[in-house]
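Visitor: Let me begin by handing over the structure; questions about it come next.
The values are calculated or read from the model by the stated rules, or taken from the named source; none is laboratory data. What you see is a predicted model, and the numbers here were worked out from it, not measured in a lab. Using ideal geometry, Cβ is built from the backbone for each residue, glycine included, and neighbour counts are taken over all protein chains shown. Note: areas computed on protein heavy atoms with side chains; ligands, DNA, RNA excluded. Shrake-Rupley method; radii C 1.70, N 1.55, O 1.52, S 1.80 Å.
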Amino acid sequence: MRIEDFMLSCPSKKFLGIECFGCGTQRAILMVFQGKFSEAFQMFPAVYTLLLFFCFVGINFIDRKRNYGQILIFLAIINSLIMVFSYFYKHFIIHLN
């Protein structure tokens, strides 16, 4: 068995035929752990900010004395902007050329 066998499919792509803003996230994270850093970025450009966000979420649960709320909000905004920009770039700018 491979880990790819357990990946979830995107309901938006499966039922509507339209990729969502998060399509490619699971494969990109797997590529990062396999050491394929540039391929992971090409698959899902927000992969590194997403991993950093998850690290701070974990730190927030472990270290209750400090407040990581502002860092988490900042990373969430940056992550969202990268996801939206890369989605429109992939679907509208690349397909027009």
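Visitor: Is it the case that the stretch 4-11 has a residue that's touching a Lys or Arg at 6+ places or on another chain (Cβ under 9 Å), surrounded by fewer than 13 Cβ atoms within 10 Å (Cβ to Cβ) and in contact (Cβ under 8 Å) with a residue 24 or more places away in the chain?
Guide: yes
Visitor: Pull out all pairs, ordered by first then second residue, where Cβ-Cβ is under 8 Å, the residues are six or more apart or on different chains, the first lies in the stretch 62-81 and is touching a residue at least 12 places away in the same chain (Cβ under 8 Å) and assigned to a helix (DSSP H, G or I), and the second is surrounded by 10 or more Cβ atoms within 10 Å (Cβ to Cβ) and of a type in the set (A, V, I, L, M).
Guide: L72/V57; L75/L52; N79/A46; N79/L50
Visitor: Say we look at the stretch 21-36 and pick out the residues that are over 11 Å from M7 (Cα atoms) and open to solvent by less than 30 Å² (accessible area, probe 1.4 Å); which of these is farthest from the chain's Cα centre (by Cα)?
Guide: Selected residue: V32.
Visitor: Within the stretch 21-44, does at least one residue satisfy the condition of being touching a Ser or Thr at 6+ places or on another chain (Cβ under 7 Å) and in a helix (DSSP H, G or I)?
Guide: no
Visitor: Something else now. Considering I59, I18, which residue is loosely packed, with under 13 Cβ neighbours inside 10 Å and either more than 15 Å from the chain's Cα centre (by Cα) or assigned to a loop (DSSP other than H, G, I, E, B) (or both)?
Guide: I18
Visitor: Sort through F74, F92, F85 and tell me the only one that's open to solvent by 90 Å² or more (accessible area, probe 1.4 Å), at pLDDT 95 or above and among the aromatic types (F, W, Y).
Guide: F74
Visitor: Next question. Quick test of your reading of the structure: G22 fulfils all but one of (1) free of Cβ contacts under 8 Å to residues at least 60 places away in the same chain; (2) touching a helix residue (DSSP H, G or I) at 6+ places or on another chain (Cβ under 8 Å); (3) under 17 Å from F85 (Cα atoms). Name the failing condition by number.
Guide: Condition (1) is where G22 drops out.
Visitor: How do the pairs read when you match residues in the stretch 32-58 that are charged (D, E, K, R) with residues anywhere that are part of a helix (DSSP H, G or I), using Cβ under 8 Å and keeping only pairs 6 or more apart or on different chains?
Guide: E39/M31
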